[in-house]
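What follows is a set of notes on a single structure, which appears directly below.
The values are calculated or read from the model by the stated rules, or taken from the named source; none is laboratory data. What you see is a predicted model, and the numbers here were worked out from it, not measured in a lab. Every residue, glycine as well, gets a Cβ built from its backbone with ideal geometry; the counts of neighbours run over all protein chains shown. Heads up: the accessible areas ignore ligands, DNA and RNA and are worked out on the full protein's heavy atoms, side chains in. Shrake-Rupley method; radii C 1.70, N 1.55, O 1.52, S 1.80 Å.
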Amino acid sequence: MLNRRLIRIKVFKVLYSMVTSGSDSLIEAEKALNYSCEKTLHLYYLMLNAAVALKNVALARIETGLKKFNPTPEERNPNRKFVSNQLSAYLEGDPRFMKFCGDHGLVWTDDLSAFIKKTFQVLCGREYFKEYMASETSSMAEDCDLFIRIFSDLELFEDNEDLASTLEDMSLFWIDDLGFVLGAIVRNLEVMRSRGSMPVPGVFLKDDDREFASGLLRASMTDYRRYMDIVVANTSNWDPDRVVTTDLVLIVQGIAEAVRFPNIPLKVTINEYVEISKFYSTVNSKVFVNGLLDRILRKMTDTGEIVKTGRGLIES
């Protein structure tokens, strides 16, 4: 589920929180990291379950129309193509999926139900949805294509301020995870379209990603003071009040990664933390992080404090 970029971000958030709070409890930090990683998987299930929720809203609208004393011709003979879509039926028929959603409260009820109703109203006005409803064919591939369009529709989900606010209220750990989760759903729907079954994601893509997460956090926290001293020693005109704390935490974490994981090339480590600084620090942070981290890592390589092996020897 989680890729290395998102793992680095989650470690950074935990490390930053621990540093700014003055806590040095590795146990508490590891608990926070594990919980944060698990919550991303929960968000994946919640968002995928929107396919079922949208179908249910459409079905409720049809049933309401049929109960009217004087229904319109369209209400009397509703188009049931969407409520009969094979993807939502597949999810509803998957006991593991439904149990996981039920056990963790990942269902679109209460405030979320109002959002889904509004989303379905907007969806009905989309040209791609109108074309789907007008098509006389029916297949899992066609239904997957529709939901790929839906989950890729920025206005419906990723850039929707109402959804962002609601998710933030539900879990602070979901901040910034939505785009990644929607991308994972789209990729798995593409697999579903071609193979007829959907991958069941775990928290991590591979076992070594789990070790990467825990190892990076431990290395960053255990040697934080030592690495901070290295940062201070390599900064001209050192003035702590003029350097953003996020930059310092990112640089320390970058040093920890370079030392702890000999198979990761220095260029990869530097580029990753420069990219993260673009979203979590100031406008000028990318230049500061890039220059200082590169200088420190090169010096530590020359002195033998950083030793790269295997793929880590690759420079580009």
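Tally up the residues in the stretch 171-225 that are open to solvent by 40 Å² or more (accessible area, probe 1.4 Å), at negative phi and not in a helix (DSSP H, G or I), please. Residues that pass the stated criteria total 7. The residues on offer are Val57, Val52, Val14, and the sole one that is surrounded by 13 or more Cβ atoms within 10 Å (Cβ to Cβ), within 30 Å of Thr222 (Cβ to Cβ) and β-branched (Val, Ile, Thr) is Val14.
Being within 13 Å of Leu46 (Cβ to Cβ) and modelled with pLDDT of 95 or more, is that true of even one residue in the stretch 139-162? Within the stretch 139-162, one or more residues are within 13 Å of Leu46 (Cβ to Cβ) and modelled with pLDDT of 95 or more. Checking Asn77, Asn85, Asn70 one by one, the residue that is over 28 Å from Ser171 (Cα atoms) and buried (at least 19 other Cβ atoms within 10 Å of the Cβ) is Asn85 and no other. Within the stretch 98-110, the residues that satisfy the criterion of being under 16 Å from Leu43 (Cα atoms) and not aromatic (Phe, Trp, Tyr) are Met98, Lys99, Cys101, Gly102, Asp103, His104, Gly105, Leu106, Val107, Thr109. Take the residues in the stretch 124-159 that are open to solvent by 60 Å² or more (accessible area, probe 1.4 Å) and not charged (D, E, K, R); name whichever of them is nearest to Arg193 (Cα to Cα). Checking each candidate, the answer is Ser138. Among the residues of the stretch 267-291, those identified as open to solvent by 10 Å² or more (accessible area, probe 1.4 Å), part of a helix (DSSP H, G or I) and more than 16 Å from Val231 (Cβ to Cβ) are Lys267, Val268, Asn271, Glu272, Glu275, Lys278, Phe279, Tyr280, Lys286. Of everything in the stretch 164-221 that is aliphatic (A, V, I, L, M) and without any contact (Cβ under 8 Å) to a residue 40 or more places away in the chain, the residue that is farthest from Ile255 (Cα to Cα) is Val191. Taking the stretch 292-316 as the range and being open to solvent by less than 30 Å² (accessible area, probe 1.4 Å) and part of a helix (DSSP H, G or I) as the test, the residues that pass are Leu292, Leu293, Ile296, Leu297, Met300, Gly312. Scanning the stretch 99-108 for residues that are open to solvent by 70 Å² or more (accessible area, probe 1.4 Å) and over 20 Å from the mean Cα position of the chain (by Cα) yields Lys99, Asp103.
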